[in-house]
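Values in this text are rule-based calculations from the coordinates and carry no lab data. Quick caveat: nothing in here was measured; it's all calculated off a predicted structure. Note that we place each Cβ from the backbone using ideal geometry, even for glycine, and neighbour counts take in every protein chain shown.
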Amino acid sequence: MTDRLPPHDIQAEEATIASLLLDSSYLPLLNLSPDDFYYPQNGTIYQAMLDLKESGSAIDQITVAQRLHQQKKLEEIGGAAQLSHLISQCPTPLDCQDYANIVKRMSVFRQMIGVSDQISSMGYSADKDTTEALAKADHLILNLRKNSGGNTLITPTDRAQMAYDRYARLYGIGAGIAVKTGLADFDKILGGGFFPGELNILAGRPGMGKSAMARHLSNVISGNSNVLFCSGEMGVGDITDRDIAGILKISTDEIRKGDYGEELYGDIVEKIPLLGDYNVYFTSTGKDFTFTTASIYQTTYEMFNRHGLGLVVIDYLGLIKDRVGDNRNENLGYITSNLKEMARELDIPVLLLHQLSRALEHRPDRKPQLHDLRESGHVEEDADNVIFLYRDDYYYKTPEEWFKAYPGKDYPKGIVEVIVAKHRQGEPNRCNVLFQKPTQAYVSLAKEGQEQMV
């Protein structure tokens with residue numbers, strides 16, 4: 001035996017708790033349980049936060065104090081004054097995950113000591129069968145590895161059982177598990193649509209139609225499942241203007257400028273209830289929502305548990321405010337890695353918009369290619385599907401400009417080439433769709449019952 005204290009770090013524990021009191025959006029990202037805290041009062045506070053998250057309540061100094069008071073545990077942790085003290089000592093909530101990693105590491109070390117004591121006791125029990133003792137020791141270490149978040153093997157038996165479960169579920173789903181986009185040829189390329197757990201990148205130059213495509217897909221998909229739209233560029237009002245303009249088949253400018261005539265105002269009011277037909281939810285654009293992976297994760301997690309969720313749309317990558325890494329490449333890689341993890345953990349598809357640089361416009365063939373992502377961190381590596389949008393009429397604004405470059409060839413007004421440049425579960429391919437500007441909608445060019453490929 002030893003008189004040494006078990007590994008622990010009081011400063012990391014208190015900084016973790018304080019960070020969550022200041023910004024609870026980090027809570028779903030932490031691989032912690034109340035037992036990971038060495039000091040019981042910190043574990044009690046953390047459990048109160050988990051209880052509030054489970055009930056969908058806000059998490060801050062006041063709500064946590066109230067929860068602890070209801071549980072008759074407020075005095076046990078030092079009273080409301082202790083929560084104020086923790087906050088006053090917190091360097092910054094931005095490093096919450098780093099603090100939590102220290103707490104978890106100390107917890108794993110303490111568990112290792114506990115496991116080693118149990119194995120040591122078995123070693124002194126010479127009357128036991130060695131095979132049985134080793135099996136128990138292996139089991140103790142395996143559980144420790146699982147609890148510490150380490151990778152574990154999937155045995156052949158595990159895999160077979162997972163296969164039974166997977167195909168039984170697929171058998172019972174008439175339309176399959178993929179989220180259909182409503183564009184037959186696009187769905188065909190993707191193998192049926194957007195699949196749960198996958199990160200899809202929708203990329204193109206500014207003005208190529210990414211946001212319009214994301215809005216269109218959100219509205220279509222929301223007919224069958226809830227959609228969460230996270231925008232760092234447009235507020236809900238801006239998106240509503242575009243939807244109303246599309247419904248009325250007029251330009252967005254006519255909606256935005258105001259000073260309506262009686263007839264137009266009447267039409268707007270009449271069509272507003274149609275917005276309720278779209279099961280699309282939006283993140284707040286006020287001061288309460290910071291466009292970071294942590295806040296996106298928190299909102300997605302809450303919606304997933306409270307309302308159900310079929311798709312998350314994020315517009316767009318370049319506006320996400322995480323600042324991790326020594327350069328922009330590492331920063332974007334950190335972001336896409338977090339979003340990929342979110343997709344896999346919640347088993348939902350994520351559609352992440354990405355804006356390409358103007359470098360591709362300095363070459364003869366201006367259609368996007370995978371190497372156009374090379375300066376964007378690990379975007380290509382993390383993505384399951386990389387989808388580019390390209391329009392010839394983006395570069396050739398008038399038929400005259402087009403015919404000068406391509407005499408005798410029809411002017412491709414509104415034709416959008418959808419290029420699936422990376423498809424983790426299939427081959428790259430492409431198709432054409434039609435963008436109808438008056439309705440802000442995309443329409444499949446495939447004939448009924450068959451798909452049209454380029």
Farthest positive-ward along the chain dipole, Cα basis, beta-carbon charges - from THR290, HIS307, VAL220: VAL220
For the chain, give the share of DSSP beta bridges that are antiparallel, in percent and rounded to the nearest 5; count only bridges with both residues there. 45 percent
Taking the Cα centre of the chain as the origin and placing charges on Cβ (Lys, Arg +1; Asp, Glu -1), which of VAL420, HIS85, SER19 is farthest toward the positive end of the dipole? VAL420
With Cα coordinates, the longest principal axis of the chain makes an angle with the long axis of helix 61-70, in degrees rounded to 10, of 50 degrees
What angle do you read, to the nearest 10 degrees and between 0 and 90, between the alpha-carbon axis of helix 328-346 and the longest principal axis of the chain? 80 degrees
Using only Cα atoms, find the angle between the long axis of helix 96-124 and the longest principal axis of the chain, and express it within 0 to 90 degrees, rounded to the nearest 10. 40 degrees
Across 20 Å bins from the origin, how do the percents of Cα pairs in the chain run, short distances first? 20, 46, 27, 7, 1
Protection proxy ranking, peptides 117-123, 214-220, average beta carbon neighbours within 10 Å, highest first: 214-220, 117-123
What residues of the stretch 103-120 lie in the reach of a label at LYS136, counting those whose backbone N is under 17 Å from a point 7 Å from the Cα along Cα→Cβ? 114-120
For the stretch 184-444, the dipole about the Cα centre with charges only on Cβ (Lys and Arg +1, Asp and Glu -1), to the nearest 20 debye, works out at 540 debye
For the chain, with the dipole built from +1 on Lys and Arg beta-carbon atoms and -1 on Asp and Glu ones, taken about the Cα centre, which of PRO196, ALA58, MET234 lies farthest toward the positive end? PRO196
Can you give the helix-only mean residue ellipticity at 222 nm for the chain, where every DSSP H stretch with n ≥ 4 adds -39500 (n - 2.57) and the sum goes over all residues, rounded to the nearest 500 deg cm²/dmol? -14000 deg cm²/dmol
Taking 26 Å as the cut-off for C-alpha to C-alpha distance, list the pairs among LYS367/LYS437; LYS53/LYS340; LYS271/LYS413; LYS136/LYS340; LYS188/LYS413 that go past it. LYS271/LYS413; LYS136/LYS340
Whole-Hz couplings from phi, Karplus 6.51/-1.76/1.60, listed for the stretch 367-372; x for Gly and Pro: 6, x, 9, 4, 5, 6
